[in-house]
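Q: Pasting in a structure now, in structure tokens, and then I'll have a few things to ask.
The values are calculated or read from the model by the stated rules, or taken from the named source; none is laboratory data. Quick caveat, the model's predicted, so the values are computed rather than measured. All Cβ positions, glycine included, derive from the backbone under ideal geometry; neighbour counts span all protein chains shown.
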Amino acid sequence: MTVSLTVNGTRHTSPAAPDTPLLYVLRNDVGINSAKYGCGAAHCGACTVLLDGQPIRSCVYPASAAADGRITTLEGLGDPQRLHVLQRAFIEEQAAQCGYCIAGMIMSAKGLLDRNPQPDEAQIRDAMAGNLCRCGTHTRIVRAIQRAARELA
């Protein structure tokens with residue numbers, strides 16, 4: 001069997017079985033490096049990508065369930081020459097330490113700002129509660145999201 005997916009605007013076909021987690025297809029067949037395997041149980045958020053603008057945990061989401069949608073990963077937001085406002089804010093606020101969780105954090109933040117362009121701190125913390133950072137940069141992450149919201153206003 002094969003699975004066809006639209007990732008960052010480009011159609012990809014994978015030989016993966018339909019129930020293969022989307023994360024595996026993204027990393028192994030599409031070549032996406034930003035989404036990370038963290039817990040494998042949708043608890044940590046390191047694997048977060050957007051499906052039709054909504055954050056999903058790709059480690060437990062079947063690839064076939066994403067076949068008709070638009071998948072966006074960190075690579076689809078911007079590149080080193082043209083960073084997305086969230087990528088720039090995370091850098092400016094020094095929100096990344098080890099960097100393992102940051103792609104998932106940014107994708108969850110993107111989903112939040114698309115739904116609510118001017119969230120207050122409580123709304124940011126609530127939206128980001130499912131993304132874990134063992135380095136403890138949560139305060140900087142909140143500031144980065146607040147900065148991005150201000151810049152997008």
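Q: Only one of THR48, THR13 is in contact (Cβ under 8 Å) with a residue 60 or more places away in the chain and either within 12 Å of the chain's Cα centre (by Cα) or surrounded by fewer than 18 Cβ atoms within 10 Å (Cβ to Cβ) (or both); which? Lay out the reasoning, then the answer.
A: On the way: THR13 fails: in contact (Cβ under 8 Å) with a residue 60 or more places away in the chain.
None of the other options fit; the residue is THR48.
Q: Are there helices (runs of 4 or more DSSP H) fully within segment 43-153 with at least 3 residues that are basic (Lys, Arg)? List them.
A: Working: elements: 74-77, 85-92, 102-115, 121-128, 138-152.
Those helices (runs of 4 or more DSSP H) span 138-152.
Q: Against the condition touching a helix residue (DSSP H, G or I) at 6+ places or on another chain (Cβ under 6 Å) and either modelled with pLDDT under 95 or over 22 Å from LEU51 (Cα atoms) (or both), how does GLY78 come out, does it pass? Step through it out loud before you land on a result.
A: Working: touching a helix residue (DSSP H, G or I) at 6+ places or on another chain (Cβ under 6 Å): yes; either modelled with pLDDT under 95 or over 22 Å from LEU51 (Cα atoms) (or both): yes.
When the stated conditions are applied, GLY78 passes them.
Q: Among ALA35, ALA42, ALA96, ALA89, which is aliphatic (A, V, I, L, M), in contact with a helix residue (DSSP H, G or I) (Cβ under 7 Å, 6 or more places away or on another chain), within 25 Å of THR139 (Cβ to Cβ) and not assigned by TED's automatic domain parsing to the domain that holds ARG143? First the steps, then the outcome.
A: Working: ALA42 fails: in contact with a helix residue (DSSP H, G or I) (Cβ under 7 Å, 6 or more places away or on another chain); ALA96 fails: not assigned by TED's automatic domain parsing to the domain that holds ARG143; ALA89 fails: not assigned by TED's automatic domain parsing to the domain that holds ARG143.
One residue alone meets the criteria, ALA35.
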